[in-house]
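Asker: Following this message is one structure expressed as structure tokens.
The values are calculated or read from the model by the stated rules, or taken from the named source; none is laboratory data. Computed from a prediction, not measured in an experiment: that's the story for all the values here. In this analysis, Cβ positions are derived from the backbone assuming ideal geometry, glycine residues included, and neighbour counts consider all displayed protein chains.
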Amino acid sequence: MAQELGLVAESGRRISSSGRSVFLLEPCSVVAKVGPSSEQSRFTTEVDLARHVQRRRGPVVPALLRANPGPHIRGELVISFWEYAPSEVGDEELELAAPPTYTELRVHLDDFPGRLPSFSQPIQVCREVLARDEVDGLSRPALRLVRRALETADSFEVPKADLCVLHGDPHARNLTQSFGEVMWLDLKSACRGPLEWDLTALPAVRHFQAPKPERLATLRAVRSACVVVWCSQKPALEPHDREAIEYHLQQLASAPTA
């Protein structure tokens, strides 16, 4: 596919596999995201949102600039192409950069005209996964904590006036500093929802005043439960996945809902 677009792609190396496969193509230094064709709508929204922020010179890793980024359908697969932006700094520096960079991103999000799913969609998916007993490796007490936290998502309604465009998953691993610029990547979780949903993932959340502190506390537990489910579903857990599961289970155990 890359060669058809005029890119010099002689080899590919998988650099991520979290719900979709991400490859670095060389020597053109292009990132290819690959998923099932059923995800075409999600891939399209991710590219459209990235382009929207790009046009406003906002802090996002660009969809491919030198050729059509797609998404392209090939058989049962959907593929999008992105500029490669390896990080020049470590996690601690990115965590410090996250709050101001997120504030800058927010300026460009809310006028996005495209359709986006509700923030509640992945929460419901996690509940369905639990209902089908598709989460392995968790103890019964851990599963009870996760189920209880996910159930609390039904305890409040979000007024339409409180809904805004969200990155969906703005943690430091979705941030990079490349060529001297700090940029957000991985917009696949973009959605519409309350600001507090993004704040539950954002490092150093104390920099922000949550419109609804009670909602933030509830959604923080819901986010932890979702992270446990997402990580537990991976076919091969990496060390950071295990660390995330342990950390978020501790957060759930100490939450008021526990």
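Asker: Find the residue count for the range 222-253, including only residues that are surrounded by 13 or more Cβ atoms within 10 Å (Cβ to Cβ) and within 20 Å of H167 (Cβ to Cβ).
Answerer: 11
Asker: Taking A32 as the residue in question, decide whether it is in a helix (DSSP H, G or I), aliphatic (A, V, I, L, M) and out of contact with any Asp or Glu (no Cβ under 6 Å at 6 or more places or on another chain).
Answerer: no
Asker: For the range 139-177, which positions are among the small types (G, A, S), buried (at least 17 other Cβ atoms within 10 Å of the Cβ) and part of a loop (DSSP other than H, G, I, E, B)?
Answerer: G168
Asker: Next up: Test D136 against the criterion of being over 30 Å from A236 (Cα atoms), part of a loop (DSSP other than H, G, I, E, B) and not β-branched (V, I, T), and give yes or no.
Answerer: No: the conditions fail for D136.
Asker: Report, by residue number, each residue of the range 219-255 that is modelled with pLDDT under 90, within 20 Å of Q121 (Cβ to Cβ) and assigned to a helix (DSSP H, G or I).
Answerer: Those that are modelled with pLDDT under 90, within 20 Å of Q121 (Cβ to Cβ) and assigned to a helix (DSSP H, G or I): W230, C231, S232.
Asker: Something else now. Go through (1) under 18 Å from S189 (Cα atoms); (2) modelled with pLDDT of 90 or more; (3) surrounded by fewer than 16 Cβ atoms within 10 Å (Cβ to Cβ) for R57 and report which single condition fails.
Answerer: (1)
Asker: Here's another thing I want to ask about it. Quickly run through the range 1-20 and pick out the residues that are closer than 23 Å to L166 by Cα and assigned to a strand (DSSP E or B).
Answerer: The answer is S16, S17.
Asker: Further question: Restricting the range 1-50 to residues that are surrounded by fewer than 16 Cβ atoms within 10 Å (Cβ to Cβ) and charged (D, E, K, R), which is modelled with the highest pLDDT?
Answerer: E26
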